[in-house]
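K.L.:
I'd like to ask some things about the structure below.
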Amino acid sequence: GAVVSQHPSWVICKSGTSVKIECRSLDFQATTMFWYRQFPKQSLMLMATSNEGSKATYEQGVEKDKFLINHASLTLSTLTVTSAHPEDSSFYICSASWGKNIQYFGAGTRLSVL
Amino acid sequence: AQSVTQLDSHVSVSEGTPVLLRCNYSSSYSPSLFWYVQHPNKGLQLLLKYTSAATLVKGINGFEAEFKKSETSFHLTKPSAHMSDAAEYFCVVKTNTGNQFYFGTGTSLTVIP
């Protein structure tokens, strides 16, 4: 199946710093990438949908200035958590899709903000 | 509107016994339905999908699911549980008119030796 790489797998940062998470589709061109947030023992919450070359569409309640998404190419999307605070600590998962039916997920990034 | 209800937040079975994870969906249009599995601290892996072809769908690792329109259900089953099946399972619905996935709240499967 298609492979989606997410990096880093775990990041620890100080409060107030910014963190960038990368999501790459390794063997296909992803027309759409998705970013999810998952709290412990809970389901995935869609944060935003991004199409290559256009601005991301954010879900209601997600601060677009806080969570910056860039989808510069068909194989790379980045999520930057700006001025991170402890409440931003979570598991962030990206997925990529080239059609309308299947999303392929990355392994996730655990963000711990001290 | 689309939504997914996973009826059990936690299921516990003995190794070698059948597994049943229940999922009901609500969709205004003909949906695509998926089951994903997530092992601890890992991403999601696609188990199987239904996209308006055969109603009985076979997936990886011996799992299968049956789409029942009359019951709006897409339950996941496996004849014999293995220890490695212990994980979190998510039922997902997507309408064919859009590209958004709607996740259920997940079912945690425990397999007892």
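None of the figures in this text is laboratory data; all of them are computed from the coordinates on show. No experiment lies behind these values; they were computed from the predicted model shown. All Cβ positions, even for glycine, are placed from backbone atoms using ideal geometry, and neighbour counts span all protein chains on display.
K.L.:
What does the convex hull of the Cα atoms come to per residue for region B:46-113, in Å³?
P.N.:
Given the Cα convex hull of region B:46-113, per-residue volume reads 102 Å³.
K.L.:
Quick one: 3J(HN,Hα) in Hz for region B:47-56, Karplus 6.51/-1.76/1.60 with θ = phi - 60°, rounded, Gly and Pro as x.
P.N.:
Using θ = phi - 60°, the values come out as 8, 6, 8, 10, 9, 6, 9, 4, 6, 9 Hz.
K.L.:
Take the Cβ-Cβ distance between B:Thr105 and B:Ser28 as r, set R0 to 25 Å, and report the resulting FRET efficiency rounded to the nearest 0.05.
P.N.:
The calculated FRET efficiency here is 0.75.
K.L.:
Looking only at GluC sites (Glu not before Pro) in DSSP loops with at most 15 other Cβ atoms within 10 Å, what is the longest site-free stretch of chain B?
P.N.:
Result, exposed sites excluded: B:16-70.
K.L.:
Cα gyration tensor of the protein assembly as shown, axes a ≥ b ≥ c as square roots of the eigenvalues: rounded (a/c below 1.5), prolate (a/b > b/c) or oblate?
P.N.:
Prolate.
K.L.:
Also, I was wondering about something else. Given labels modelled 7 Å from the Cα in the Cβ direction, how far is it in nm from A:Asp27 to A:Thr82?
P.N.:
3.7
K.L.:
When only C-alpha pairs under 8 Å and at least 6 residues apart count, what is the relative contact order of chain A, in percent?
P.N.:
In percent, rounded to a whole number, it is 37.
K.L.:
What residues of region A:19-48 lie in the reach of a label at A:Ser73, counting those whose backbone N is under 13 Å from a point 7 Å from the Cα along Cα→Cβ?
P.N.:
Under 13 Å, as judged by backbone N against the label point of A:Ser73, lie A:23-30 of region A:19-48.
K.L.:
Let me ask something else. Under a point-charge model restricted to the Cβ atoms of Lys and Arg (+1) and Asp and Glu (-1), what is the dipole moment magnitude of chain A relative to its Cα centre, in debye to the nearest 20?
P.N.:
Computed about the Cα centre, the dipole is about 100 debye.
K.L.:
Report Rg/Rh for chain A, rounded to two decimals, where Rg is the Cα radius of gyration and Rh the Kirkwood radius.
P.N.:
Dividing the radius of gyration by the Kirkwood radius yields 0.95.
K.L.:
Under unit Cβ charges (Lys, Arg +1; Asp, Glu -1), what dipole magnitude, rounded to 20 debye, does chain B have relative to its Cα centre?
P.N.:
The dipole of chain B has a size of about 280 debye.
K.L.:
Follow-up. Can you tell me the dipole magnitude for the protein assembly as shown around its Cα centre, using point charges on the Cβ only (Lys, Arg +1; Asp, Glu -1), in Debye to the nearest 20?
P.N.:
200
K.L.:
Let me ask something additional. Of A:Gly53, A:Tyr104, A:Ser9, which is farthest along the charge dipole of chain A in the positive direction, counting Lys and Arg as +1 and Asp and Glu as -1 at C-beta?
P.N.:
Result: A:Ser9, furthest along the dipole toward the positive end.
K.L.:
Can you pull out the trypsin sites (Lys or Arg not before Pro) in region A:34-80 that DSSP calls coil and that have at most 16 other Cβ atoms within 10 Å?
P.N.:
Counting only loop positions with at most 16 other Cβ atoms within 10 Å, the trypsin sites (Lys or Arg not before Pro) in region A:34-80 are A:Lys41, A:Lys55, A:Lys64, A:Lys66.
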